[in-house]
Amino acid sequence: MTNATPRPLRLDALAYGGDYNPDQWPEEVWHEDVRLMREAGVNLVSLPVFSWPQLEVSPGEYDWAWLDRVIEVLWAGGIRIDLATATATPPAWLVRSHPEMLPWDADGRRLEFGSRQAYCPSSPVWREHVARMARAMAERYGEHPAVVLWHVSNEYGDHVARCWCPESAAHFRRWLEEHYRDLDGLNEAWGVNVWGQRYTAWEQVEPPRRATGPVNPTQLLDFERFSSDALLELFRIEVDVLRDVTPDLPVTTNFMSLFRELDYWRFAEIEDLVTDDAYPDPADPHAHVPAALNYGLMRSLKGGRPWLLLEQAASAVSWRAVNVPKAPGRMRVDSLQAIAHGSDGAMFFQWRQARYGQEKFHSAMLGHRGEQSRTFRETAAFGRELQRLAAVKGARVRSRVALVVDWDSWWGSSATESLPSQRLGWLAQARAWHGALHALGHAVDAVRASGPFDGYDLVLVPNLYVTDDAQAAALEAFAASGGTVVVGPFSGVVDPTEKVHPGGAPGPLRGLLGVEVDEPWPVPDGAAEQVELAGDRIDAPVWTEWVEVADEASVVARYATGVLAGRPAVTRRAHGAGGGWYVSAVLADEGLVAIMRRVLDDAGLPARARIDRDLEAVTRADAETDYTFVLNHGAHEIVVDVPEDAEDLLGGGDRTTGRLVLAPLGVVVLATPRAAEPPFITLSETTD
Ligand code: GAL
């Protein structure tokens, strides 16, 4: 059930607002809320995310009255609603009458009630009640004109993404039976002859609990797949109910950026709108770089369609060890970054800062000091400013570079400890490769390993540990049609059942890359090997490989130190106008930038000559206009060259002259007629 024609979010402006928890406040406060929301340009709020216990006070006994009134107050104020199905957390009465619905950890301990998400994703009781509650919400409010979006559950897997209870074990066995049909299939797939793990009855098969030693890696990988699927099934139960009652309303569930535990490609298939919660750490001066990768994924999950930043913090969060507030201007540039990357708005957790409970120290649009709070002044000013960007709504990001995000490879290379090295890190690799492209001036989309790759010149594959033939064929076809593919270390290693490909890595990618890996050669902690690229030395601190050129690949860089000295480190195999690069080492950032500069040149794409990682430029476009966001994430001025006579939408019609000084945390949005190539923004060489 993929959702080929998503239902649109009917909102006539960029979305602005936040989570709203009126059940934490007396009714008179609601009226003040709406007055202040209007002042702040709020047009959308999410509620009632955690309110099931306040709505169904005892089994079958509903108290809708307060929510009826809240919705009327919001509607009268012109505020639209992203209506939650209120199934993010169960009421105590449900848990206490069905304690078997509580999740278990890998040690077999039951997790208690007292926080949120206190449910096992496979629990039939929970599933039945969730469907009932979603239907009750849809039947009561689905026709209300204020409701423009369904918000299903909340951040699936945030607290409980894996469950080891008996119900999950039974569900896991059913899942395995569907995949492998019989025990012979399972035994073959799991390679049970190693360490004597043959199963002779389904009842013997368990989820991978804590065991005597390293657990079967295919069992671990299948448990990751199963657990993601179990939450996907849960999501689908609500989606089906909502589509049944309100077939025209769009449906979303809020994602958590690049979240390891769930395969978001599959979740996005069944929703109408991708929404994301993003909390870049204000204490990290480079947090905007991984944020850009997260947003690249979000826009790509539904083929480039706009998505929506549904949660971010106005200032500090309250769940890190140290929660640093956002400096003045940081919330604005963070929000504009998400919009630059295709979000049709910027929303917050939450509207009004709580006075009690787990999140009372989490910032909000309206802080504890109310109208006087800095967050209110800043978010209200930004809400008004956002109206200048109305034209951007619906426009799509223009990117020529895509990075493969593959959950199987992420899980496979991290679920087991039985690896050449535990230091490779799928996410770290993806971030490092993306970081190099960011530094060189490119916004990067995400793609599946099987494509489609239409519209891209360059596809990056930082790690594809699990590779099947179809993926390899798709990547090779892209190269043969003139595209450039770059593959990173420890790719093409195993098939989907975690069996090493015949002949070893890169397995089915051998035709694309023209190399063979004799052995991975991980670098011990604290040591670093080096690679030589055109006379320069590049550090390889984590991972190297013994690579043999097998088939017409040319050597771009060689190892310069250690046992591998003189052997190929980076190679390129030509495919007509395209090429397949292999980077066999984990390279330090500067070295990666040097390699990627060559790759971009090979792909016919521009690169910034000088680098400032605080500078980011992203172009969204509609049929007529390129909207180029130029952002300074840093605390120093940045001078860039921009197209002459570009109109800055945020500057109220100022015309720039080709050279632009961006203040610390400054942003401009340049509107220019849509060109064959979007403007490529570089640091100015003029130094006066
Ligand atoms: C999200 C969650 C919100 C709130 C927020 C705080 O993970 O969806 O309900 O807890 O974090 O940062």
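Name the single residue that is surrounded by the fewest Cβ atoms within 10 Å (Cβ to Cβ) among those in segment 267-289 being of a type in the set (A, V, I, L, M, F, W, C) and more than 20 Å from Leu427 (Cβ to Cβ). By that ranking, first place goes to Ile270.
Condition (residue is in contact (Cβ under 8 Å) with a residue 40 or more places away in the chain and β-branched (Val, Ile, Thr)) applied to segment 110-125: is it met by at least one residue? No: zero hits.
Would you call Leu336 away from the ligand (no atom under 16 Å from the Cβ), modelled with pLDDT of 95 or more and not β-branched (Val, Ile, Thr)? Judged against the criteria, Leu336 is a match. If you filter segment 251-267 down to residues that are more than 16 Å from the ligand (Cβ to nearest atom) and in contact with a Phe, Trp or Tyr (Cβ under 7 Å, 6 or more places away or on another chain), you find that the one that is farthest from Thr85 (Cα to Cα) is Asp263. In this structure, Ser343 does satisfy being closer than 21 Å to Arg80 by Cβ and away from the ligand (no atom under 16 Å from the Cβ).
Could you please find all residues in segment 290-346 being surrounded by fewer than 20 Cβ atoms within 10 Å (Cβ to Cβ), within 22 Å of Val447 (Cβ to Cβ) and over 13 Å from the mean Cα position of the chain (by Cα)? Scanning segment 290-346 gives Gly303, Gly304, Arg305. Every condition in (1) closer than 19 Å to Pro285 by Cα; (2) part of a strand (DSSP E or B); (3) not polar (S, T, N, Q) is met by Tyr627 except one, and the failing one is (1). Residue count for segment 15-43, restricted to those that are of a type outside the set (Lys, Arg), away from the ligand (no atom under 16 Å from the Cβ), part of a helix (DSSP H, G or I) and touching a residue at least 12 places away in the same chain (Cβ under 8 Å): 9. Is it the case that segment 489-502 has a residue that's at pLDDT 95 or above, surrounded by 24 or more Cβ atoms within 10 Å (Cβ to Cβ) and under 21 Å from the mean Cα position of the chain (by Cα)? Looking for residues that are at pLDDT 95 or above, surrounded by 24 or more Cβ atoms within 10 Å (Cβ to Cβ) and under 21 Å from the mean Cα position of the chain (by Cα), one finds none in segment 489-502, hence no.
Applying the criterion of being surrounded by 20 or more Cβ atoms within 10 Å (Cβ to Cβ) and within 18 Å of Val599 (Cβ to Cβ) to the residues of segment 542-560, the residue that is farthest from the chain's Cα centre (by Cα) is Ala553. Among the residues of segment 189-214, those identified as part of a helix (DSSP H, G or I) and free of Cβ contacts under 8 Å to residues at least 40 places away in the same chain are Trp202, Glu203, Gln204.
Just one of the listed residues (Asp469, Asp445) is at pLDDT 95 or above, farther than 30 Å from Phe361 by Cβ and more than 16 Å from the chain's Cα centre (by Cα), and it is Asp469.
Residues in segment 268-296 that are touching a Leu at 6+ places or on another chain (Cβ under 6 Å) and assigned to a helix (DSSP H, G or I) were compared, and the one that is nearest to the ligand (Cβ to nearest atom) is Asn294.
For the structure I just gave you, tell me whether Asp184 is under 30 Å from Glu143 (Cα atoms) and over 26 Å from the mean Cα position of the chain (by Cα). The answer is no for Asp184.
For (1) among the aliphatic types (A, V, I, L, M); (2) surrounded by fewer than 23 Cβ atoms within 10 Å (Cβ to Cβ), each residue gets a yes or a no:
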{"site": "Gly604", "(1), (2)": "no, yes"}
{"site": "Arg610", "(1), (2)": "no, yes"}
{"site": "Arg613", "(1), (2)": "no, yes"}
{"site": "Glu624", "(1), (2)": "no, yes"}
{"site": "Tyr627", "(1), (2)": "no, no"}
{"site": "His633", "(1), (2)": "no, no"}
{"site": "Val640", "(1), (2)": "yes, yes"}
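Going residue by residue through segment 476-485, is there one that turns out to be more than 25 Å from Gly604 (Cα to Cα) and either modelled with pLDDT of 95 or more or not charged (D, E, K, R) (or both)? Scanning segment 476-485 turns up no residue that is more than 25 Å from Gly604 (Cα to Cα) and either modelled with pLDDT of 95 or more or not charged (D, E, K, R) (or both).
Within segment 136-187, which residues are of a type in the set (Ser, Thr, Tyr) and either within 16 Å of Leu242 (Cβ to Cβ) or free of Cβ contacts under 8 Å to residues at least 12 places away in the same chain (or both)? Residues satisfying the conditions are Tyr141, Ser153, Tyr156, Tyr180. Of the listed requirements (1) of a type in the set (Gly, Ala, Ser); (2) within 25 Å of Leu605 (Cβ to Cβ); (3) part of a loop (DSSP other than H, G, I, E, B), Ala505 misses just one: (2). Checked against the criterion of being more than 22 Å from Val274 (Cα to Cα) and of a type in the set (A, V, I, L, M), segment 4-11 contains not a single residue that satisfies it. The residues in segment 226-250 that are within 16 Å of the ligand (Cβ to nearest atom) and closer than 14 Å to His151 by Cα can be counted, and the count is 1. Scanning segment 26-43 for residues that are over 26 Å from the mean Cα position of the chain (by Cα) and crowded, with 16+ Cβ neighbours inside 10 Å, we see that the one that is farthest from Gly304 (Cα to Cα) is Trp30. For segment 473-482, the candidate set comprises residues that are surrounded by fewer than 24 Cβ atoms within 10 Å (Cβ to Cβ) and more than 24 Å from the chain's Cα centre (by Cα); within that set, the residue that is nearest to Gly578 (Cα to Cα) is Gly482. Here Trp150 fits the description: among the aromatic types (Phe, Trp, Tyr), touching a helix residue (DSSP H, G or I) at 6+ places or on another chain (Cβ under 6 Å) and surrounded by 21 or more Cβ atoms within 10 Å (Cβ to Cβ). When the residues of segment 353-410 are narrowed to those that are away from the ligand (no atom under 16 Å from the Cβ) and of a type in the set (S, T, N, Q), which ends up surrounded by the fewest Cβ atoms within 10 Å (Cβ to Cβ)? My answer is Gln372. Would you be able to say whether some residue in segment 208-225 is within 16 Å of the ligand (Cβ to nearest atom) and either basic (Lys, Arg) or more than 29 Å from Leu11 (Cα to Cα) (or both)? So far as segment 208-225 goes, no, none of its residues is within 16 Å of the ligand (Cβ to nearest atom) and either basic (Lys, Arg) or more than 29 Å from Leu11 (Cα to Cα) (or both).
Comparison of Ala134, Ala106, Ala170, Ala138 shows that the only residue that is under 19 Å from Leu234 (Cα atoms), away from the ligand (no atom under 16 Å from the Cβ), of a type in the set (Gly, Ala, Ser) and out of contact with any helix residue (DSSP H, G or I) (no Cβ under 9 Å at 6 or more places or on another chain) is Ala170. Scanning segment 215-232 for residues that are farther than 18 Å from Thr467 by Cβ and without any contact (Cβ under 8 Å) to a residue 60 or more places away in the chain yields Asn216, Gln219, Phe226, Asp229, Leu232.
Across segment 308-333, the qualifying residues are those that are touching a helix residue (DSSP H, G or I) at 6+ places or on another chain (Cβ under 7 Å) and among the polar types (S, T, N, Q), and the one among them that is farthest from the ligand (Cβ to nearest atom) is Ser315.
The values are calculated or read from the model by the stated rules, or taken from the named source; none is laboratory data. A quick note: this is a predicted structure, and the numbers were derived from the prediction, not measured. Every residue, glycine among them, receives a Cβ derived from its backbone with ideal geometry; neighbour counts consider all protein chains shown.
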